[in-house]
1. Of all residues being in a loop (DSSP other than H, G, I, E, B) and open to solvent by less than 10 Å² (accessible area, probe 1.4 Å) in region 170-192, which is farthest from ligand 1 (Cβ to nearest atom)? Just the residue, please.
2. For region 304-341, what are the residues that are at pLDDT below 85, touching a helix residue (DSSP H, G or I) at 6+ places or on another chain (Cβ under 9 Å), surrounded by 12 or more Cβ atoms within 10 Å (Cβ to Cβ) and not basic (Lys, Arg)?
3. Got a sec? Which of Glu36, Glu56, Glu16, Glu27 is within 14 Å of ligand 1 (Cβ to nearest atom) and either at pLDDT below 95 or assigned to a helix (DSSP H, G or I) (or both)?
4. Being in a helix (DSSP H, G or I) and within 16 Å of ligand 2 (Cβ to nearest atom) is the filter here; which residues of region 131-157 pass it?
5. If we keep just the residues of region 193-211 that are away from ligand 2 (no atom under 16 Å from the Cβ) and open to solvent by 60 Å² or more (accessible area, probe 1.4 Å), which is nearest to Val136 (Cα to Cα)?
6. When you scan region 136-157, how many residues do you find that are crowded, with 21+ Cβ neighbours inside 10 Å, away from ligand 1 (no atom under 12 Å from the Cβ) and not β-branched (Val, Ile, Thr)?
7. Report yes if some residue within region 245-260 is within 30 Å of Ser490 (Cα to Cα) and modelled with pLDDT of 95 or more; otherwise report no.
8. Of the residues that make up region 71-79, is at least one away from ligand 1 (no atom under 16 Å from the Cβ), within 30 Å of Met113 (Cβ to Cβ), not in a loop (DSSP other than H, G, I, E, B) and not basic (Lys, Arg)?
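The values are calculated or read from the model by the stated rules, or taken from the named source; none is laboratory data. Here the structure is a predicted model, which is why all the values come from computation and not from measurement. Note: ideal-geometry Cβ built from the backbone for every residue, glycine included; neighbour counts use all protein chains shown. Areas reflect the complete protein model, heavy atoms only, side chains present, ligands, DNA and RNA absent. Shrake-Rupley method; radii C 1.70, N 1.55, O 1.52, S 1.80 Å.
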Amino acid sequence: MTDKLVIFDTTLRDGEQSPGASMNKDEKLRIARQLERLKVDVIEAGFAASSNGDFEAVQLIANAIKDSTVCSLSRANDRDIARAAEALKGANSARIHTFIATSELHMEKKLRMTPDQVFEQAKLAVRFARNLVSDVEFSPEDAYRSDPDFLCRVIEAVINEGATTINVPDTVGYAIPELYGNFIKNLRQRVPNADRAVWSVHCHNDLGMAVANSLAGVKIGGARQVECTINGLGERAGNCSLEEVVMAIKTRRDYFGLDLGIDTRHILAASRMVSQTTGFAVQPNKAVVGANAFAHASGIHQDGVLKARDTYEIMRAEDVGWSNNKIILGKLSGRNAFKQRLQELGVQMEAEADINTAFARFKELADRKSEIFDEDILALVNDEAVTNENEQYRFVSLSQHSETGERPQASIVFTVAGKEVKSASDGDGPVDASLKAIEAQVKSGAEMVLYSVNAISGSTESQGEVTVRLQNSGRVVNGVGSDPDIIVASAKAYLSALNKLQSKADRVAAQG
Ligand code: KIV
Ligand code: ZN
């Protein structure tokens, strides 16, 4: 008999806390549906009490998701917990995740509370949450840097109040695998009622060890839930990466001996969806989902893989969603072939009208680009999904001129609240000229803190995917745009970032 390892995805909560990664509620719902397809056990959909936007996103996801448990974070107070319960009302299976810091440093400097006050508040919070839902997770924030005696006292008390999952966060990514594993093992041995809860790991990647620490928490410590995010998205160096931890458990089942509910074939589509939505590109050499993860450049390796794939491959590319079928569709492909490919890529579009719009955009793209790759389709569908009817700015057309020895010129047409405006500018390069032309009209005053271009499918025929990160009055947003013409992609990305700057609501920081 093997145990099951619970996969708790927090892309939409802890992942989204990464500056610039904020998503609107439709984007979050799309990702939540993909997580459900992936058969993630628990989806942490947000922090309902932090803003109205977060509340609505948690509510939307709770009402739509049927197969995964939907969870909301909440600080350890009645107002936050009641708000979380309210947002989760429509869920088939709901969890409240409440937390309070337990390290000396956090209690004294951040909370300005004594350990006894924290102890009481943790108990009251779990008691209150258990009156509202039956599934309650408790996190002693900064647990790994907390005094183990105090931690044992708090954990024993919250389990007595009915906490069903105990999470042990390494909030600042300070742990070392063996030490973290033993830390959890020790807690489990010392807490008398430890067996009445599922133990969970939650590791940040500041020293690059989030996945290793999580695996040690499972193997040495006996944790049976891992908290993770797609692509390891998260503040600073990010969180434990879902795809890596899942594939480690699956590939080394001989060692871990654990079962997973995850349908790994949807991993790649989830990774692309998250990177395209947030503008956080995946590095080519990233394990499992990076463009090079299954590419064998060296002749010796290629020869080996052709003779017997397991000479150099420990996982099958198709098991995580990579397809051999690279060139998939072209100008002559029909609506049915397009629809079928969407299904194979895990893109769910029920409304015929949505399929028709996406197909019309596909045809437009196929007129300009001879071969359409999976990556193009995913970018196109993502662009469509993030284009919101009520957006303030929308791209219409662009022309630019650049010649050696001359200063580039660009003129652009876009809509502002549905009304077309034209603008022109020169610049240091054609991209600079185009973005200056937009800024001449919009006058956002935002500072550009990142501009990056990525070839979606790896050749010069590829679409360019541009990410623009803007900062204004302390807010940071990412905009993403794709097009075979990278100057157009840049203008789309800039407008998308401006739209996000407009709509991003203020929210309370979870750990602030
Ligand atoms: O890193 C952390 O401590 C957290 C908690 C809120 C669980 O994200
Ligand atoms: Zn965290």
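1. Checked region 170-192; the qualifying residue farthest from ligand 1 (Cβ to nearest atom) is Val191.
2. Correct list: Gly304, Val305, Thr311, Tyr312, Glu313, Ser323, Ile328, Leu329, Gly330, Ser333.
3. Step by step, each of Glu36, Glu56, Glu16, Glu27 is checked, and only Glu16 is within 14 Å of ligand 1 (Cβ to nearest atom) and either at pLDDT below 95 or assigned to a helix (DSSP H, G or I) (or both).
4. Ala143, Tyr144, Arg145
5. Here the answer is Arg196.
6. Count: 1.
7. No, the conditions are met nowhere in region 245-260.
8. Yes, there is a match, as at least one residue in region 71-79 is away from ligand 1 (no atom under 16 Å from the Cβ), within 30 Å of Met113 (Cβ to Cβ), not in a loop (DSSP other than H, G, I, E, B) and not basic (Lys, Arg).
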